[in-house]
Amino acid sequence: MNKNYSIAAILGGTLLIFQACSSSPPKRMTLAEIDAPKWVLKGSSAYEDSSGKAFYGVGSASGIKNFSLQRTASDDRARNDLAKVLEFYTKSLTQDYMASTTSGNFTTNLEEQMIEAGIKNVASATLTGVQIIDHWEHPYRNELFSLARLELDKFKQNLGQYEGLSESVRKAVKDRASKLHEKLEMEIMKKERLR
């Protein structure tokens, strides 16, 4: 009887050890530790890549079992993230233009209001030109990341087609658009160096 009791005790103890090991939560890994793509780590903003200057938005969706639904949610979140970048960009662009015109002529208030409204309308319209250009799935959890892209040239082209602005205003805003994109890109680089 003693021998059977010892074997049962050993098997029971071994079983308890295996259960304890299997129920402990896995180590949580950061995105950097699992070698995520650079765009996942960088997030959204204005960058220049091999295709030219563009605005980017990053979105993710997790915990959704239906892959198609998860992909749609992740893509939509990337577009929404890009919309926030574009909203910040257009506000900066408007402020830059308004500062320039106010310092030169204090009678351009009505024109400034038209420009602000025009740029916001163009920003909304250009979201239809946004492309989802990449996806990445986290290997250890049910999370999908999406990357949305909008070319600066496409934004400027849509701005040029907006009839609510005079030709001279469109040209001035287009010229400032490239300079402001460079300024935003430099701000991102400064933040990355501080990390």
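The values are calculated or read from the model by the stated rules, or taken from the named source; none is laboratory data. Computed from a prediction, not measured in an experiment: that's the story for all the values here. With ideal geometry, Cβ positions are generated from the backbone for all residues, glycine too; neighbour counts draw on all protein chains shown. Calculation scope for accessible area: heavy atoms of the full protein, side chains included, ligands and nucleic acids excluded. Shrake-Rupley method; radii C 1.70, N 1.55, O 1.52, S 1.80 Å.
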If we scan region 132-141, do we find a residue that is out of contact with any helix residue (DSSP H, G or I) (no Cβ under 7 Å at 6 or more places or on another chain) and modelled with pLDDT under 70? no
Pairs, first within 21 Å of residue 43 (Cβ to Cβ) and of a type in the set (A, V, I, L, M) in region 60-72, second open to solvent by less than 100 Å² (accessible area, probe 1.4 Å) and in a strand (DSSP E or B), C-beta under 6 Å, six or more apart: 61/144
Among the residues of region 156-173, write down those that are part of a helix (DSSP H, G or I) and either open to solvent by 70 Å² or more (accessible area, probe 1.4 Å) or modelled with pLDDT of 75 or more (or both). 156, 157, 161, 167, 168, 171
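Sort out which residues of region 46-63 are open to solvent by less than 40 Å² (accessible area, probe 1.4 Å), modelled with pLDDT under 95 and under 24 Å from residue 141 (Cβ atoms), and write them in order of number.
Across region 46-63, the qualifying residues are 56, 57.
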Identify, from the list 32, 20, the residue that is loosely packed, with under 10 Cβ neighbours inside 10 Å, modelled with pLDDT under 85 and not in a helix (DSSP H, G or I). 32
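Determine whether residue 120 is of a type in the set (D, E, K, R), open to solvent by 60 Å² or more (accessible area, probe 1.4 Å) and at pLDDT 65 or above. Quick ask: steps written out before the conclusion?
Working: of a type in the set (D, E, K, R): yes; open to solvent by 60 Å² or more (accessible area, probe 1.4 Å): yes; at pLDDT 65 or above: no.
No, not satisfied.
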